[in-house]
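Chemist: Take a look at this one; I'll ask things after.
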Amino acid sequence: MGLVGVVLLHSVDPNQPGFYPGCPWLALTGTFCPGCGTTRALAALTHLDVLGALSMNPLLVAFLPFALYSYLTWLRNSLWPHRRRPRTLVPTWALWGILAGIVTFWILRNLPWFSFLAPGAPLLPSW
């Protein structure tokens, strides 16, 4: 199913209005959520445009290696189960750190001093 999504993102441009739904948080509040720009960032990554993906949602690009590692660890443990009690994939302190990072990113990308974190903004601030 994920492969179908990748092919769809690669073939149908999310920058063109009408096909993909918009962000409900942005529509209701006028502020960016932590996920705003994720669809466009993933579409840019399907075209191997890492800088474009970073300008759309830098948090997603930073999170992808962790997500890939977690998925591969889960897949390995599913295919070759351990006889012993399974280990947790992520320590509790790391989950709290990820949550704090997401909330911090959410707040910062809506402040005028960090407007470069907004979806589609230039990567470097122009002071």
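The values are calculated or read from the model by the stated rules, or taken from the named source; none is laboratory data. Given the structure is predicted, the values throughout are model-derived calculations rather than measurements. FYI the Cβ positions are ideal-geometry reconstructions off the backbone, even for glycines, and counts take in every protein chain you see. Ligands, DNA and RNA are excluded from the accessible area calculation, which covers all protein heavy atoms including side chains. Shrake-Rupley method; radii C 1.70, N 1.55, O 1.52, S 1.80 Å.
Chemist: Quick test of your reading of the structure: Ser70 fulfils all but one of (1) in contact with a helix residue (DSSP H, G or I) (Cβ under 9 Å, 6 or more places away or on another chain); (2) closer than 17 Å to Ile98 by Cα; (3) small (Gly, Ala, Ser). Name the failing condition by number.
Modeler: (1)
Chemist: Filter region 28-51 for residues that are under 22 Å from Ile107 (Cα atoms), of a type in the set (Gly, Ala, Ser) and part of a helix (DSSP H, G or I) and give the result.
Modeler: Scanning region 28-51 gives a single hit, Ala41.
Chemist: In region 1-30, what count of residues is obtained for those that are surrounded by 10 or more Cβ atoms within 10 Å (Cβ to Cβ) and of a type outside the set (S, T, N, Q)? Give the steps one after another, and end with the answer.
Modeler: Going residue by residue through region 1-30, those that are surrounded by 10 or more Cβ atoms within 10 Å (Cβ to Cβ) are 5-10, 12-15, 20, 22-23, 25-26, 29.
Then drop every residue that is not of a type outside the set (S, T, N, Q), which leaves 5-10, 12-14, 20, 22-23, 25-26.
Looking only at that region, the number is 14.
Chemist: Something else: List the number of the failed condition for Thr73; all other conditions in (1) under 24 Å from Phe105 (Cβ atoms); (2) open to solvent by less than 90 Å² (accessible area, probe 1.4 Å); (3) not in a loop (DSSP other than H, G, I, E, B) hold.
Modeler: Failing condition for Thr73: (1).
Chemist: Can you spot a residue in region 83-91 that is closer than 25 Å to Ser115 by Cα, without any contact (Cβ under 8 Å) to a residue 40 or more places away in the chain and not basic (Lys, Arg)? Steps first, answer last, please.
Modeler: Taking region 83-91 first, the residues closer than 25 Å to Ser115 by Cα are none.
No: zero hits.
Chemist: Let me ask another. Please find, within region 51-62, the residue that is most open to solvent (accessible area, probe 1.4 Å) out of those that are farther than 19 Å from Leu3 by Cα and of a type outside the set (S, T, N, Q).
Modeler: First, the residues of region 51-62 that are farther than 19 Å from Leu3 by Cα: 51-52, 54-59, 62.
Next cut, of a type outside the set (S, T, N, Q) only: 51-52, 54, 56, 58-59, 62.
Numbers: Leu51: 112, Gly52: 16, Leu54: 56, Met56: 32, Pro58: 32, Leu59: 48, Ala62: 75 Å².
Only one residue fits best here, namely Leu51.
Chemist: Only one of (1) surrounded by 16 or more Cβ atoms within 10 Å (Cβ to Cβ); (2) at pLDDT 90 or above; (3) of a type in the set (A, V, I, L, M, F, W, C) fails for Leu111. Which number is that?
Modeler: Checking Leu111 against (1) surrounded by 16 or more Cβ atoms within 10 Å (Cβ to Cβ); (2) at pLDDT 90 or above; (3) of a type in the set (A, V, I, L, M, F, W, C), the one that fails is (1).
Chemist: Out of all the residues in region 83-99, which are open to solvent by 100 Å² or more (accessible area, probe 1.4 Å), at pLDDT below 80 and not polar (S, T, N, Q)?
Modeler: Arg83, Arg84, Arg85, Arg87
Chemist: Same structure again: Taking Cys36 as meeting all but one of (1) under 22 Å from Ala100 (Cα atoms); (2) open to solvent by 90 Å² or more (accessible area, probe 1.4 Å); (3) not aromatic (Phe, Trp, Tyr), write down the number of the exception.
Modeler: For Cys36, the exception is condition (2).
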